[in-house]
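Below: the structure, in structure tokens.
Taken together, the values in this text are just the output of simple stated rules run on the coordinates, not laboratory data. What you see is a predicted model, and the numbers here were worked out from it, not measured in a lab. So basically every Cβ, Gly included, is an ideal-geometry build from the backbone, and we count neighbours across all protein chains shown.
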Amino acid sequence: MKRATQWMVGLVASALAALALPAVAESQPLQPPNQAKPHSTITVRIEGLRDDQGTVYVSHFDNKKAFGDNKDAVISGQARPANRAAVVVLDNVAPGR
């Protein structure tokens, strides 16, 4: 009788563990293996311009040297001013370090 009880307890424990595994697996987000890396949007609003003439340029750099040389921007954008303000939107910016 003791052996049958131990066997039954083992069977019940195994069944409970098997039922718990799918719940643990479902609690973690599933991602396809080839999923694209996340990207962000940077919005720059510049106010108080002297007038609405010209174009406002915005560049985003990922290191000091590129910024100092004013070349090799990660992403750039431009906007024409209106009402002495300009909004430049940089889309698909990779996350920083």
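Using a simple spin-label model with points 7 Å from Cα along the Cα→Cβ vector, what separation in nm is obtained for ASP51 and VAL74?
Each label point is offset 7 Å from its Cα along the Cβ direction, giving 3.6 nm.
Short version: ³J(HN,Hα) in whole Hz for each residue of the range 48-62, in order, from phi by Karplus 6.51 cos²θ - 1.76 cosθ + 1.60 (θ = phi - 60°), x for Gly and Pro, what are they?
Computed from phi, the couplings for the range 48-62 are x, 5, 4, 7, 9, 7, x, 9, 9, 10, 10, 10, 10, 10, 10 Hz.
From the backbone phi of the range 70-77, what are the Karplus-calculated ³J(HN,Hα) couplings (6.51 cos²θ - 1.76 cosθ + 1.60, θ = phi - 60°) in whole Hz, Gly and Pro given as x?
Values, residue by residue: 6, 9, 6, 5, 5, 7, 9, x Hz.
Taking the simple approach of a point 7 Å from Cα along Cα-to-Cβ for both ASP62 and LYS37, what is their distance in nm?
About 0.6 nm, to one decimal.
If amide hydrogens are placed 1.01 Å from N in the peptide plane, which non-local residues have theirs closer than 5 Å to the one on ASP62?
Residues meeting the amide H criterion: VAL74.
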